[in-house]
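Working notes, beginning with the structure itself.
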Amino acid sequence: MAESMLTDVAIRSTPRVEKARGFRLFWATVWARAYPRIVGATREMSWLFFETLLPLLSVAAYVFVYKAIGAPEDYIGFVVVGGAMTAFWLNVLWSMASQLYWDKDQGNLELYVLSPGPLTAILLGMAVGGLVMAGVRAVAILVVASLVFKVTYAVGSIPLLLLTFLLTMSALYGMGMMFASIFLASGREAWHLANLLQEPIYLVSGFYFPVKALGFWVATAASIIPLTVGLDAMRQLLFTSDPTLGFLSVEVELGILVVLTVVFISAAYFLLAKLEEIGRREGRLIERRR
Amino acid sequence: MSVTQQFRIEDGTDRYTASSSSNGRGELDVDLAIQTFDLGRIYKIRGPKRKEDPKTIVALEGVNLEIRRGELFGLLGPNGAGKTTLIKILSTLLLPTSGRALVNGLDVATQVKEIRREISMISGGETSGYGLLTVEENLWMFARFYGLESRVARQRIEEMLKIVGLWDRRRMKISDLSTGLRQKMNFIRGFISDPTIVFLDEPTLGLDVQAARDVRAFVQQWLIDHPDRTVLLTTHYMAEADEMCDRLAIIDQGRLLALDTPENLKRRLQREAIFNLQVQPLGKRPSRDEMIEAVPGVRQVTVTERDDHTDLQLILEAEEVLSNVLMHLQKRGSSLLSLEKREPTLEDVFIDLVGRRLDEDTSQRNGGDNG
């Protein structure tokens, strides 16, 4: 640039439509992107059958095993809560982590990037919508399974339980936001990555048994998955048999969840910016190939 | 030319203008919507073996353009010519590897957020949106991404759906729409955010005649209603470019070959004689001396083999050359089936400039679908 002449210049134009900026634009984008997920749940009701009944079958299998071996009664409740939480894990894996890759394939990602709405707001919208969608499924599994298997809950502190749940979800969906960029960068491998993560996490996060049973080091390593510590803390707050079956104290597990939330959301923000930069520089990642 | 001046406009953004186009008075030239200065883009494509050096493909080279506010400007070229690459750069999806581009006086490399507030893009064959949502829900979602108030968005959606005749289908899931109706919805999506510059990338690709006509009419009417807005259209349909564009640039293998109004481009060939010939099949590939191009006075020839005959398009320096061409064909054992003399079209201009027809694919030598 040779010269700089900073003067006030008005550009002539026909009347323009008012558009939000900054924070208002951010939230408009979040709610707009959450909308398809929230409203989508009411459009195809077949999910009620597939996503409630099928997890119930897994839960039932563990319940019968525990009954057969005469395990403590709380184990039945552990399995039911774990079964309900699978809804969130599946949602994060298939509807968060894989979503940008599918959006690219469909041509939506290009339009997201082109719009002034921030990409982080798009991802947050996906998370909020996904949370609502998976929440409905989780409640359905929890209610039906609790009635069928006659689970008794002993909640000491409802606010603490809610806080634990919210922190677990923040960290979990933060991880989903981070995975979204990683899966997008990994191209076709995204599908395999999702498959690779689905079943092993059921095991190491202790969806159907107390994670303490895996031993300290394995359970510690598995604590990088927010559901491991979140589920463990919620079980301690929901049933009377703990803390004997708990892995760490609830306070420590809440601390871990706070750290995971900050790390995952920061990483998601950084990776998204990096991804867009690479996309613009190399001419790939963002655009749908026609 | 890369000397630019910087200005700050009333909305607080910094804008630039080229010194040659700032009308000599050191003022921001608000009549220019798009400027490019020696713009270039090179792709590096890696093969399956990571150790191999990447293959370099020049998609754009030394492109200089000035598009005025209010213009419907066309980029005409075959697949792989660099049209889409240019649009991607101007719409901030891609960085140039050399040169500079300004959109509404904003730099595409550094003022990305500001540019995105002012532009939109519609591509042919778009499948964007979510199939579970209805037409109006999808449009509402995209409008919100641009910061439109919910009420304003709904009002504009109603107006525009009525204009394109989709109002009755507003509650239909988009997965149930035909290709033509879906592209009409995409057009509304592109225009609903009230952009000042719209990029249309092969917008009528795959549409039937009526749907293509409807979307062309929509764009033309929008420009009549908003005379200060600008449309940059890429197409490889000659008739579309001829009918719609105020000015056209012909692009091939990443370079601009000509830039003018469609009329002026065609006028370049006014002195030449242009003929369409149908002849008996020419058969085997001739030697260099036997080629029709070897006949003195023949400027360009395109040959299309059909099942039972051969089509020839000839651009001759003068009508008299035709008799020599016919004698040449006779020597090769072919004879004339029909002959038509006609006025020059944009396709003739393209053939004259490039030496081949527009529908001959060059993507293999120029970066495939990166073009």
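Nothing in this text is a laboratory measurement; each read-out follows from the coordinates by a stated rule. On a predicted model such as this, the values are computed, not experimentally measured, just so you know. Cβ coordinates were reconstructed from backbone atoms using ideal geometry, including for glycine residues, and neighbour counts include every protein chain displayed.
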(request) Please build a GNM for chain A, connecting alpha carbons under 10 Å apart, and tell me which residue among A:206, A:187, A:130 fluctuates the most. (result) A:187
(request) Determine ³J(HN,Hα), in whole Hz, for all residues of region A:194-205 in sequence, where each value follows from phi through the Karplus function 6.51 cos²θ - 1.76 cosθ + 1.60 and θ = phi - 60°; x replaces Gly and Pro. (result) 5, 4, 5, 7, 4, 6, x, 6, 3, 6, 6, 8
(message) What do you get for the angle between helix B:209-225 and the principal long axis of chain B? Use alpha-carbon atoms, 0 to 90 degrees, nearest ten.
(response) 50
(request) Filter the chymotrypsin sites (Phe, Trp or Tyr not before Pro) in region A:111-153 to those in DSSP coil with at most 16 other Cβ atoms within 10 Å of their Cβ, and list the result. (result) A:153
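Could you list the trypsin sites (Lys or Arg not before Pro) in region A:186-270 that lie in coil according to DSSP, counting only those with at most 11 other Cβ atoms within 10 Å of their Cβ?
Taking region A:186-270 and a limit of 11 other Cβ atoms within 10 Å, the loop trypsin sites (Lys or Arg not before Pro) found are A:188.
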(request) Could you work out how far helix A:119-148 tilts from the main Cα principal axis of chain A, as a 0 to 90 degree angle to the nearest 10? (result) 20
(request) Treating only the Cβ atoms of Lys and Arg (+1) and Asp and Glu (-1) as charged, compute the dipole magnitude of region B:179-319 about its Cα centre; round to the nearest 20 debye. (result) 240
(request) Only Lys, Arg, Asp and Glu count, each charged at its Cβ (+1, +1, -1, -1), so figure out the dipole size of chain A about its Cα centre, rounded to 20 debye. (result) 740
(message) Checking the a/c ratio against 1.5 first, then a/b against b/c, what shape does the Cα gyration tensor give for region A:20-88?
(response) oblate
(request) Could you tell me the distance between the Cα centroids of region B:320-350 and region B:235-259, to the nearest Å? (result) 26
(message) Could you tell me which residue out of B:296, B:230, B:106 lies farthest along the dipole of the protein assembly as shown toward its positive end? Charges go on the beta carbon: Lys and Arg +1, Asp and Glu -1, centred on the Cα centre.
(response) B:106
(request) Please identify the longest segment of chain B free of exposed trypsin sites (Lys or Arg not before Pro), where exposed means a DSSP state other than H, G, I, E or B and no more than 10 other Cβ atoms within 10 Å. (result) B:52-170
(request) Report the one residue of A:70, A:114, A:202 whose Cα lies farthest in the direction of the positive end of the charge dipole of chain A (charges on C-beta: Lys and Arg +1, Asp and Glu -1; origin at the Cα centre). (result) A:114
(request) Give the distance, in whole Å, between the Cα centre of region A:258-276 and the Cα centre of region B:133-178. (result) 33
(message) Over 23 Å between Cα atoms: which of B:113/B:173; A:150/A:212; B:284/B:331 fall into that group?
(response) B:113/B:173; A:150/A:212
(message) If I model a spin label at residue B:237 and residue A:166 as a point 7 Å from the Cα along the Cα→Cβ vector, what separation in nanometres do I get?
(response) 5.5
(message) Taking the Cα centre as origin and putting +1 on Lys and Arg beta-carbons and -1 on Asp and Glu beta-carbons, what dipole magnitude results for chain B, to the nearest 20 debye?
(response) 1240
